[in-house]
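Undergrad: Take this structure, written in structure tokens, and hold onto it; I'll ask about it next.
The values are calculated or read from the model by the stated rules, or taken from the named source; none is laboratory data. None of these values were measured; they are calculated from a predicted model. Cβ placement follows ideal geometry from the backbone for every residue including glycine, while neighbour counts extend to all protein chains displayed.
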């Protein structure tokens, strides 16, 4: 499953792939660090991406800010080493002259570009211009000739305004051919030099409807002047640049109006230039014909709509939390009944998903996850009913202590708030996750794989229609576009936890692109170790089940480890024959491949997700443990042995979320562990680990009850810190005043 947003093509930007000449403007905030020094990492990455474009036959023209910032740093240093202590004390009150900064900073900036491009065997050249230069037609002609000569030889022209000698004192109208900053210079050059695209890189993700620091501001993916011009409210300018978003949008629109489309993006995003040139859904596109395009398919993708969905889920979750335990349980029973009642409709929609997936040559492992097998709806309903029958999880008393006489502290469980769960193509995950959210009093936003779009839609509809009016359908939201996920990942103020259920690429992408806490596992590389003291008949049964029961599951066995003493006898062949008869394709590690004449697997950290399994021979149990730690994913491991000491060592030493003795790895599942269901299996070591059920979706609160106590520097208070018994708190019900009652007594 691809990561949302980054790497997702935007249909409006397909034209970008035909670009042959691009102007890239790099803002001061991209070129420099917050302390004013040059950002070597970002500039190095930029140069590498430019070199890639040159290799693809694309001509690149750079407009680079940063000289003034670099020069300011140099002048401050010069001032410091040649100043007395008194002068140093007063120095901060006097900023260096901007023109002097530009004069001294240009050489340093270009020296770095020359060095970085030189490492890539790319040549660059410096061109300094002033606004008055463009008032002469001869200058424009010579400029075009020079740039054409440079780019035809794969030399990168690096433009900058010659601030050291510029006579401009105030902004001018670019209609006359004059520019006022490097954004407008880039726009002017894009027009004059016949560019196909202009890319403006700054320190913001794109154009927002308001200041980016305002959480209510919406990122505009495609700027429509007729729609957005009056809506946009501009905030402060960049931390170091001369212009701001106002200047940027003015320059961008002048370029777009002349026929050169513009993309405004964040220069701090990894591989941003490559993503823009690939037509990915990143930053803000400004195109003169945008108003004529059909934007209906992007409905719901703006961050404002995403925020509304998250806020609505939080509001509904608080209504849910206000219900009694019995009322929340009844909701789950209603959901279970609704699923059973609509089983035929659910299977029909799922069948359409499966048909479409088969027509698209979807891999068999994915098809297995997608298909709802006979009896699955009944099994889901049974799981939901078991969750409804669980003890009340919310507001349970965990700790009670007397801090001082008459001052009592309680620690109680509490709902997390709003969960965002991104899951793979398994539609059966949706009702499981929804039921856990309801039982734990959480709001929920769901994003399933596109392969299960119909299945997810009908399941979501059935579940939300079963919710009572007192809670409302907005408790559980369904996100239907990848773009919407990218927006949701930015809402760290209204979403409390993200749970990604998918491949390593998805989980890694989400962790790197959100400030929200992330709970999940990246891979399910599970092992079964057959010890020398194993019961062979048991071993055959367990390893076949661990691999074949559901090969696409994250808790299926991917690697079989066998003690070398066992591998010397006929018992080893019996185990392998059992796997082969079950249809398993065997690959070997170095030792097993040589002994058994198997294809050698070069990588042990592989989640096959099908009927393939790697076999390796180990010297002893310690080597098996070391192998698991080196190549596993900390998910689920199992040992087959009759030796109690070996079993204890394995269970104690293996650092995985789930470790089994003489039992299949397939048991690591929320339903089988008695949790009712699971939102996923976490390999994290913080908060929740292993199958995450209701308890993993809770946090805690501290409630302090006193009688007018004050701190007053602790003068008149005697702390006792005495633990109190957790008695008379079985029900966890809430009274009308919001206080927890015990056996109906507030």
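Undergrad: Quick one: which residue in 661, 651, 675 is closer than 14 Å to residue 530 by Cβ and free of Cβ contacts under 8 Å to residues at least 40 places away in the same chain?
TA: Testing whether each residue is closer than 14 Å to residue 530 by Cβ and free of Cβ contacts under 8 Å to residues at least 40 places away in the same chain leaves just 661.
Undergrad: Only residues that are in contact with a helix residue (DSSP H, G or I) (Cβ under 7 Å, 6 or more places away or on another chain), at pLDDT 75 or above and surrounded by 14 or more Cβ atoms within 10 Å (Cβ to Cβ): list them for the stretch 23-43, please.
TA: The answer is 23, 24, 25, 26, 28, 30, 31, 32, 38, 39, 42, 43.
Undergrad: Restrict the check to the stretch 326-336 and report whether at least one residue is in contact (Cβ under 8 Å) with a residue 40 or more places away in the chain and in a loop (DSSP other than H, G, I, E, B).
TA: No - not one qualifying residue is present in the stretch 326-336.
Undergrad: Six or more apart or on different chains, Cβ under 6 Å: which pairs go from a residue in the stretch 382-393 that's in contact (Cβ under 8 Å) with a residue 60 or more places away in the chain to one that's buried (at least 17 other Cβ atoms within 10 Å of the Cβ) and part of a loop (DSSP other than H, G, I, E, B)? Could you list them?
TA: These pairs meet every condition: 383/671; 383/676; 383/677; 386/676; 387/676; 392/732; 393/694.
Undergrad: Scan the stretch 117-138 residue by residue and report those that are over 43 Å from the mean Cα position of the chain (by Cα) and surrounded by 15 or more Cβ atoms within 10 Å (Cβ to Cβ).
TA: Filtering the stretch 117-138 down to residues over 43 Å from the mean Cα position of the chain (by Cα) leaves 130-138.
Within the stretch 117-138, 130, 131, 133, 134 qualify.
Undergrad: While we're on this one: In the stretch 491-510, is there at least one residue being surrounded by fewer than 20 Cβ atoms within 10 Å (Cβ to Cβ), in a loop (DSSP other than H, G, I, E, B) and touching a strand residue (DSSP E or B) at 6+ places or on another chain (Cβ under 9 Å)?
TA: No, because not a single residue in the stretch 491-510 is surrounded by fewer than 20 Cβ atoms within 10 Å (Cβ to Cβ), in a loop (DSSP other than H, G, I, E, B) and touching a strand residue (DSSP E or B) at 6+ places or on another chain (Cβ under 9 Å).
Undergrad: Are there helices (runs of 4 or more DSSP H) fully within the stretch 528-620 with at least 1 residues that are in contact with a helix residue (DSSP H, G or I) (Cβ under 9 Å, 6 or more places away or on another chain) and touching a residue at least 60 places away in the same chain (Cβ under 8 Å)? List them.
TA: Values: elements: 536-548, 564-567, 570-581, 590-596.
Passing ranges, in order: 536-548.
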